[in-house]
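Participant: To start, I am sharing the structure in question, which I have written as structure tokens.
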Amino acid sequence: MKLHTKFSLSVGVLFLSLGISVSILEYSHLKSVVKRQAYQRCRRIIAEIEATQRYVREVLRPTVSKLIDRNNFIPEAMSTTFISRSIIERFQRQYPDYYFKFAALTPRNSINLADEHERQVIEQFKANPKLEEWQGLLERNGQLYYGVATPIRFKASCMRCHGNPADAPMALRKRYGDKGGFRRQVGDVAIKFVGIPLSKALASAKVRAFVFTGLAAMFLAGLFLTTNYFFRRFIIRPLQILQNGAKQIGNGKLDYRLGINTKDEFQELANNFNQMAEKLKASYSLLEQKVAERTAELQQEKAALQESEEKYRSLVENGLEGVYIYRGDRFLFVNPQVSQMTGYSQDELMKMCIWDLVAPEDRERLKGYGRERAKGKPAPTRYEAKVLRKDGQTIVCEFAISTIMFQGELAIQGSVRDITERKRIEEEIRQERDKLKGILAAIGDGLCIITENHKIIHANEILKEIVGKTKLEGQFCYRSFFERKTPCTDCPLQKAIENKRIERTEFTYPNGRTVESTFSPLKLTNGEMVTIQIIKDVTEQRRLIREIEERRLYLEKLIAAAPDAIVTLDDQQHIIEWNPGAERLFGYKRDEALGQHLDHLIGKDDSFDEANNLTKVAMAGKSIPPTETVRYRKDGSPIDVIVTGAPIIINDKVVGVIAIYTDFSERKKLETQLRQVQKMEAVGTLASGIAHDFNNLLGGILGYTSLLKMNLSKDDENYEYVDLIEKAGERAAELTSQLLAFSRRGKYEIQPLNLNHCVNNVIKLLNRTIDKNIEITTDLDKELPVVKGDPGQLEQAIMNICINAVQAMSVPNQDSETLPSSAGGTLHIETKVVHLDEEYVRSHLGAKSGDYVLLSITDTGCGMDEETKAKIFEPFFTTKEPGKGTGLGMAMVYGIVKNHGGYISVYSEIGEGSTIKIYLPIANETTDTEQKPQERKPLTGKETILVIDDEEVIRKVLKNMLEKLGYTVILAANGKEGTEIYRSYYSSSGNGNGRTEGNKNGSIDLVIVDMIMPKMGGRKTYHELKKINPNVKVLLASGYTQNGTAQQILDEGVQGFVHKPFSITELSEKVRKVLEE
């Protein structure tokens, strides 16, 4: 397609697109103008309506309201909507095409009922309270309108006429009824809607757009023709002239010139074209001259090249090295030297494949070089390879190759030299060198050769490793080995050279390596003296020797310091080593034991065979596992030991035995004590459970008995029976108290006390009851420090020990139910301060180191055997006749002492009496002198008490006791029921806080809670009560003691504790104490 056609089409498409775009833009502009005018008219109408409404609302309505009754309402003068609609109706008579409406979802007038489109607009205003206007196109009754809507939002001031009908003026209700326009809410929305018809205006805009389009098309067509004419005249015609001139010059007409006189760029281009033609003509003439001159030069160079080729040919054919040229795998040229080297004639070589001359083992390598070179990749230009001669021999040749032009094409030129003899000599030298290296390496030590002036001329790798250097050759020995600046004093190298003999020495290098060095002088063939130094690294040997010596000393000290007996035997079972531990354990001095037969020395008749068998096991090469056995001391006394042993084996032969004996007498004793303690703990746990349940039963029995006694006079015939029941119950309670004391859960109240007071109280009772033949002596420390304990419990423990002591010094009397009638001996009681050290603690299980008050009770009775001593503290164990004792006396003592953090020990021998020692820890407190008990009477009250206990008997007896004391009692069978009862009382009484006389406010003043209950125990019940009333007062009751769980609950806030079984007096005191806090 020609340039003129392309230009015409491009300009035509451009003008057509421009005309269409201008038409579309014109129509869009006219349409937007119509919409903008319609919007402005709508806003003007709405503004006029809103101004009318403001006038009615702000001026007309208030004025009319003053002239009429409140219940009267005149829409024609007071309703903004009515008046505005009336004005619009008159407006629409003049402009019937305009649309206006007060649209609402529930209008007062049905003509204002919103259609579907208006409902959507109302919903938009409701959804977006900030939206103040809606505008857009809509079609109504087949005609297009531009509409604008504004919201009418109902406010509180509108509610008189549009809210509750009862609040509206009577006249308004009579006119419109009670439905339409009423029951609006603040925030409800109606709209004012104005629509302007657009059909005629848009039709007019289309006509104007079409007229404009026609005019634009005519203008663009004229512009297109004009542009096309001028483009052809001023562009196309000059280009055609230029094109013709270029064609003439191309055909060789260098004298052709262009004639363009347009006085523009085309004329300037034509002038440049003519100048180019002139220069081309001049250049062509100059080129012909240069070609002639170059032809003459080439003829001269050809002659020189022929001369050079002659010289090269003479050099190649008469040189010492073989020269050849090949392309592919065929020779193009070989000189006589190649023929002489291979044994083939030149003609034979020119017919051969070059690879037939290369040995098979090198053939692929050289072919690979050729392939790399053909690809333009780097390849070796100098290499060695084996060549096959015609006579079958193989020679080694050195090749050098390069790429040249030969006969007009690329070829490979190579030079070759026979190096077979050189390779043979090099191989011999290498073998000799390897042999020498092998000899030097086989030495296994460091080796170097040093000159007279101390310079190292050779050093092997081992020496370099020893001194930690990578290079030694060329260095001075004193500098490389010892980091010195001058030769060593008394240098062994100098001595070896001067004396012409071998010198040996040992030294340590700066890096810590110790070596043995030998210097051997040697005279070389050139007359120079050198020394060959052989260096043996002995660092590890010296270290091992030191370690062996240190370990020997260590083992000697270890064996000497070992607490166990360590004995070493020879192969004849004779003692060759007897350490200090063996001296201490068996009593034989080392000199006495050495050389003795071990089994004869420490084994007796009953253990000799067993000992000898163990020794034979070790002598057979087997180890003896830890074995418990008996051996004998020098004095003949037996000793419990654990023996282990192992054979001493040297060169697979048993040369002796080492045996270790460990004394475990004390450990065996402690294990026995531990088993006894564990048994006592287990029995104690069982006893405490039985005693707790029994105490609950005794609580009911003793409670009701005390109530019966209070209701009976002493003259009543039943009083004696009730009294007997009470005494039997008290004896049973005493029995449970002993069980609890043994289990360390007995009833006790800790206070600072002087143990001497307890001793004196017991002695007063004993003096009135024991036989006068028994003398009581004391040695009481007057400065005895204070201990912490329950005086009643401690006195009971002392009494139980003393009674057992008295009975041990008495002859049984069948007529007495208490103490024997005939007795004799001394009962000695002593108190003092002692300190238990760690050594004592280690051998007495349960004891702790520290300062203690010691109570020692000694009798001169019959004493006890070992079996009795082992069972003395077990509950129900007794040496008395059936019916004479419960077996709980000493068990109770054990429990009381342990409960006080103390320790008890027994020493007794048959016929020598017994001593029982009680150690109680010293307290850092002081105490007053003894306080005499005072007579107590039950305390009464009028408060309300809630009793929570799972035992029905306990609940009833507490109710009867407390009511007897004047209290109001409420019962609960468990913790959950109790908390619900307390919550109901607490809520009904206002706040339930505080106690009031006679319970006038209906609150519960005190809660008595059993500690052990199913489901919800006393602890959880207390915390639930505290959630209801943080100030609740609680008294905890339990058959266990105050320690343990009970003390934890007391620490958490419970105000008091009462131990079961309790008397009515004790109960009354505990209750009053808690209530009056």
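Please treat every number below as a calculation from the coordinates, not as lab data. Given the structure is predicted, the values throughout are model-derived calculations rather than measurements. Every residue, glycine among them, receives a Cβ derived from its backbone with ideal geometry; neighbour counts consider all protein chains shown.
Participant: Give, in nm to one decimal, the length gained when the segment between T213 and I970 is fully stretched (0.36 nm per residue of separation minus the Cα-Cα distance).
Facilitator: Computed gain between T213 and I970 is 261.6 nm.
Participant: Just to be sure I understand the model, the point goes 7 Å from the Cα along the line to the Cβ. What's the resulting F91 to E556 distance in nm?
Facilitator: 13.2 nm
Participant: Moving on to the next point. State the Cα centre-to-centre distance between the range 52-127 and the range 584-635 in whole Å.
Facilitator: Cα centres, the range 52-127 to the range 584-635: 131 Å.
Participant: Along the positive direction of the dipole of the chain (beta-carbon charges: Lys, Arg +1; Asp, Glu -1; about the Cα centre), which of G195, P238, V957 reaches farthest?
Facilitator: P238
Participant: Can you tell me the equivalent ellipsoid semi-axes for the range 562-663? Use √(5λ) from the Cα gyration tensor, largest first, whole Å. Kindly include the intermediate steps, with their values, before the conclusion.
Facilitator: Details: eigenvalues 81, 43, 30 Å².
Over the Cα atoms of the range 562-663, the semi-axes work out to 20, 15, 12 Å.
Participant: I've got another one for you. Between E909 and I649, what is the FRET efficiency for a Förster distance of 45 Å, r being their Cβ-Cβ separation, to the nearest 0.05? Mind showing how you got there, number by number?
Facilitator: On the way: r = 51 Å, r/R0 = 1.14.
Result of the calculation: an efficiency of 0.30.
Participant: For K200, go through the aspartates and glutamates and keep the ones whose alpha-carbon is under 16 Å away, minus same-chain ones fewer than eight residues off.
Facilitator: D97, E139
Participant: Highest first, please rank the peptides 707-716, 909-918 by the mean number of other Cβ atoms sitting within 10 Å of their residues.
Facilitator: Numbers: 707-716: 12.3, 909-918: 17.2.
Highest to lowest by the protection proxy: 909-918, 707-716.
Participant: Once you place label points 7 Å from the Cα toward the Cβ at A127 and D716, how far apart are they in nm?
Facilitator: Between A127 and D716, the label points sit 9.3 nm apart.
Participant: Still on this structure: Taking a threshold of 30 Å on the Cα-Cα distance, which of the pairs K469/K523; K634/K832; K2/K263 fall above it?
Facilitator: Numbers: K469/K523 28 Å; K634/K832 39 Å; K2/K263 25 Å.
In this structure, K634/K832 lie more than 30 Å apart at Cα.
Participant: Along each principal axis of its Cα atoms, how long is the range 254-311 end to end? Whole angstroms, biggest number first, please.
Facilitator: Ordered largest first, the range 254-311 gives principal extents of 70, 17, 8 Å.
Participant: Would you work out which of S283, L3, Q572 lies farthest towards the positive end of the dipole of the chain, given +1 charges on the beta-carbon of Lys and Arg and -1 on that of Asp and Glu, about the Cα centre?
Facilitator: L3
Participant: Greater than 32 Å separation of Cα atoms is the criterion. Which listed pairs, K880/K959; K423/K455; K1020/K1060; K937/K1033, meet it?
Facilitator: Values: K880/K959 43 Å; K423/K455 34 Å; K1020/K1060 20 Å; K937/K1033 23 Å.
In this structure, K880/K959; K423/K455 lie more than 32 Å apart at Cα.
Participant: How long is the gain from H844 to D570 if the chain were fully straight, where each residue apart is worth 0.36 nm and the alpha carbon distance is subtracted?
Facilitator: Values: separation 274, 0.36 × 274 = 98.64 nm, distance 4.03 nm.
My answer for the length gained is 94.6 nm.
Participant: Here's another thing I want to ask about it. Convert 25 °C to kelvin, take the viscosity as 0.890 mPa s, use the Kirkwood radius over C-alpha pairs of the range 21-204 as Rh, and evaluate the Stokes-Einstein diffusion coefficient in µm²/s, rounded to a whole number. If you can, show how the numbers build up before the last one.
Facilitator: Values: Rh = 18.0 Å.
The estimated diffusion coefficient comes to 136 µm²/s.
Participant: Rounded to the nearest 20 Debye, what is the dipole magnitude of the chain about its Cα centre when Lys and Arg each give +1 and Asp and Glu each give -1 at the C-beta?
Facilitator: Details: 149 positive and 143 negative charges, 2285 e Å.
Roughly 10980 debye for the chain.
Participant: May I ask you to list the aspartates and glutamates whose Cα is less than 12 Å away from that of K1026, ignoring any residue fewer than eight positions away on the same chain?
Facilitator: Here the aspartates and glutamates satisfying the reach criterion relative to K1026 are E1052.
Participant: Quick one: 3J(HN,Hα) in Hz for the range 355-371, Karplus 6.51/-1.76/1.60 with θ = phi - 60°, rounded, Gly and Pro as x.
Facilitator: 6, 5, 8, 8, 4, x, 5, 10, 4, 5, 5, 5, 4, x, 4, x, 5
Participant: Give me the net charge of F586's neighbourhood, meaning all other residues with Cβ under 15 Å from the Cβ of F586; Lys, Arg count +1, Asp, Glu -1.
Facilitator: On the way: positive: R584, K589, R590, K604, R631, R633, K634; negative: D564, E577, E583, D591, E592, D599, D635, D640, D663.
Around F586, the surrounding residues sum to -2.
Participant: Per-residue HN-Hα couplings for the range 1046-1062, Karplus 6.51 cos²θ - 1.76 cosθ + 1.60 at θ = phi - 60°, whole Hz, x for Gly and Pro?
Facilitator: 4, 5, 4, 5, 4, 5, 8, x, 5, 7, x, 9, 10, 9, 8, x, 10
Participant: Here's another thing I want to ask about it. Taking the beta-carbon count within 10 Å as an exposure proxy, list W355, W578, W134 from fewest neighbours to most. Write out the running numbers ahead of the final one.
Facilitator: On the way: W355 14, W578 25, W134 18.
So the ranking, lowest neighbour count to highest, is W355, W134, W578.
Participant: Around G850, under 13 Å between beta carbons, what's the net of Lys plus Arg minus Asp minus Glu among the other residues? Write out the running numbers ahead of the final one.
Facilitator: Working: positive: K848; negative: D837, E838, D851.
Neighbourhood net charge equals -2.
Participant: Just to be sure I understand: of the beta bridges DSSP finds with both ends in the chain, what percent are antiparallel, rounded to 5? Numbers along the way, then the final one.
Facilitator: Details: 132 of 157 bridges.
Percent antiparallel among DSSP bridges in the chain is about 85.
Participant: In a shell of Cβ-Cβ distance under 15 Å around E838, excluding E838 itself, what net charge do Lys and Arg (+1) and Asp and Glu (-1) give?
Facilitator: Numbers: positive: R842, K848; negative: E666, D837, E839, D851.
Within the 15 Å Cβ shell, the charges total -2.
Participant: Which value, in debye to the nearest 20, describes the size of the charge dipole of the range 319-424 about its Cα centre when Lys and Arg Cβ atoms bear +1, Asp and Glu Cβ atoms bear -1, and nothing else is charged?
Facilitator: Computed charge dipole of the range 319-424: roughly 340 debye.
Participant: Once phi is turned into ³J(HN,Hα) by the Karplus curve 6.51 cos²θ - 1.76 cosθ + 1.60 with θ = phi - 60°, what whole-Hz value does each residue of the range 31-41 show in order, with x for glycine and proline?
Facilitator: 5, 5, 5, 4, 5, 4, 5, 5, 4, 5, 5
Participant: If R0 is 51 Å, what FRET efficiency do you get for Q120 and K942 from their C-beta distance, rounded to 0.05? Working shown, then result.
Facilitator: Numbers: r = 81 Å, r/R0 = 1.58.
Calculated transfer efficiency: 0.05.
Participant: Return the FRET efficiency for the residue pair T1065, D865: r is the Cβ-Cβ distance, R0 is 41 Å, and the value is rounded to the nearest 0.05. Intermediate results must be reported in sequence, preceding the final value.
Facilitator: On the way: r = 46 Å, r/R0 = 1.13.
So, using R0 = 41 Å, E works out to roughly 0.30.
Participant: At a 10 angstrom cut-off on C-beta neighbours, averaged per residue, how do the peptides 372-384, 193-205 rank from highest to lowest? Don't skip to the answer; put the middle values down first.
Facilitator: Numbers: 372-384: 11.4, 193-205: 18.0.
Averaged packing, sorted descending, gives the order 193-205, 372-384.
Participant: Turning to a different aspect of this structure: Evaluate the distance, in nm, between pseudo-label points positioned 7 Å from the Cα of S10 and of A171 along their respective Cα→Cβ axes.
Facilitator: 8.5 nm
Participant: Using the 2.2 N^0.38 Å rule of thumb for compact globular proteins, work out how the chain stacks up: its C-alpha Rg over that value, please. Before the final figure, lay out the partial values.
Facilitator: On the way: Rg = 66.9 Å, N = 1077, 2.2 N^0.38 = 31.2 Å.
Here the Cα radius of gyration is 2.14 times the empirical estimate.
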